[in-house]
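Undergrad: A single structure is presented below for examination.
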Amino acid sequence: MNISIGDVVARALEIRGALLKDRALSGDLDGSIGHIPKPKLGTGDIRFIILGQDPTVKNEKGRRLITTVLNLDKTNSLYTYLSMVIVRLGGSLEEHAYATNLLKCFFRVPPAFEAGMIERHLGAWLGLLKTELAAFPKAVVLSLGEPVIQAIVTSGFRKVRDYWGYEGNNRADAGRFSYIRAENNLLGRDVFPLPHQPSVRKVFYSRWMEEYLGFVKRSAK
C-alpha cells in the first residue's frame, strides 16, 4: 500500500481547521502557524516507523522553521541519534524509515508541559495516524519519548525505562526487556519505546541502548 505525503498533510490541515473551530480545544493551538510539518518518507522499502509527539518546540520562533517531522531534513543531534538506531536495527534512516507525529499541528505550548493536553487532542488525530500505520503493515513501530507511550498505552507500563527492564541504580535485567503489545495500546500495533534524544545522555539509556536494540531486532522478526 502506498501513501501520499501530500494527502497526509492535507488531511492534517483539515483536522487542524476543525480543531480551531472547536471552542473547547481551539485555545490549545498556536493559530499563528498554519503549516503542518510533512512526514519523512524513506526512499526505499519502509521497514521502520518512528512516532514522535508533535512539532511544538519550546522556542516559538523556531517552530516556524520546522517543515519536516522531527526536523529530520536537517542533520542535527536527533537525526544522528535516530540514524544510529535504524542502522543498529539493520536499515537506513534515509531509505527504510517513515517518521510521523502523534499530534501533527503546532500548539501554544509543548503539549507535554500541560497535563491532559495530549489526551484532549488524541482522538482527533488517531484516525489519520492509523491510516499511516496501515500503509506499512510490516514495519516496526518505534515510539519516541515518554508522553507518546503515556497517551497510547491502555494497559501496562507507562515509562520507557520499565520496558527496558529497569531495576534501579542504572541496572537492568535484559530478560525483562519488553514492548507495548498491540492489544495494550490504542494503535493496535506492537510498539517499541525509545527514549527521546536528550534522555540518551542518561547513564541508564546509554548503558543499555545496544542491548535493547538487539532485543528489538530479535523480537520484531
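Undergrad: Nearest 10 degrees is fine. How inclined is helix 117-134 to the longest principal axis of the chain, computing both from alpha carbons?
TA: Its long axis makes an angle of about 70 degrees.
Undergrad: Quick one: of the DSSP bridges fully inside the chain, what percent are antiparallel, nearest 5? Kindly include the intermediate steps, with their values, before the conclusion.
TA: Working: 7 of 21 bridges.
Expressed as a percentage, antiparallel bridges in the chain total about 35.
Undergrad: Under a 5 Å amide H to amide H cut-off, with H placed in plane at 1.01 Å, what residues pair with Ile49 once short-range neighbours are removed?
TA: The answer is Tyr98, Val140, Val141, Leu142.
Undergrad: Suppose every K and R has +1 on its Cβ and every D and E has -1 on its Cβ; what is the size of the dipole of region 1-145 about the Cα centre, in Debye to the nearest 20? Mind showing how you got there, number by number?
TA: Values: 18 positive and 14 negative charges, 32 e Å.
Dipole about the Cα centre, nearest 20: 160 debye.
Undergrad: Hey, can you find the accessible area per residue of the chain for me, probe 1.4 Å, expressed in square angstrom?
TA: Working: 10440 Å² over 221 residues.
Here the residues of the chain average 47 Å² of exposed surface.
Undergrad: Here is a further query. State which entries of Lys40/Lys221; Lys74/Lys217; Lys40/Lys217; Lys21/Lys159; Lys21/Lys202 exceed 31 angstrom in Cα-Cα distance in the structure shown.
TA: Lys21/Lys159; Lys21/Lys202
Undergrad: OK, next. Of Gly6, Ser77, Ile49, whose Cα points farthest to the positive end of the dipole of the chain (charges on the beta-carbon: +1 Lys, Arg; -1 Asp, Glu; origin at the Cα centre)?
TA: It is Ser77, whose Cα lies furthest towards the positive end.
Undergrad: Against the longest principal axis of the chain, how steep is helix 5-20, in degrees 0 to 90 to the nearest 10, with axes from Cα atoms?
TA: Its long axis makes an angle of about 60 degrees.
The values are calculated or read from the model by the stated rules, or taken from the named source; none is laboratory data. Just so we're clear, the structure is a prediction, and the values are computed from it rather than from any experiment. Quick reminder, even Gly has a Cβ in these numbers, built from the backbone with ideal geometry, and neighbours come from all protein chains shown. All accessible areas refer to the heavy atoms of the entire protein, side chains included, with ligands and DNA or RNA removed. Shrake-Rupley method; radii C 1.70, N 1.55, O 1.52, S 1.80 Å.
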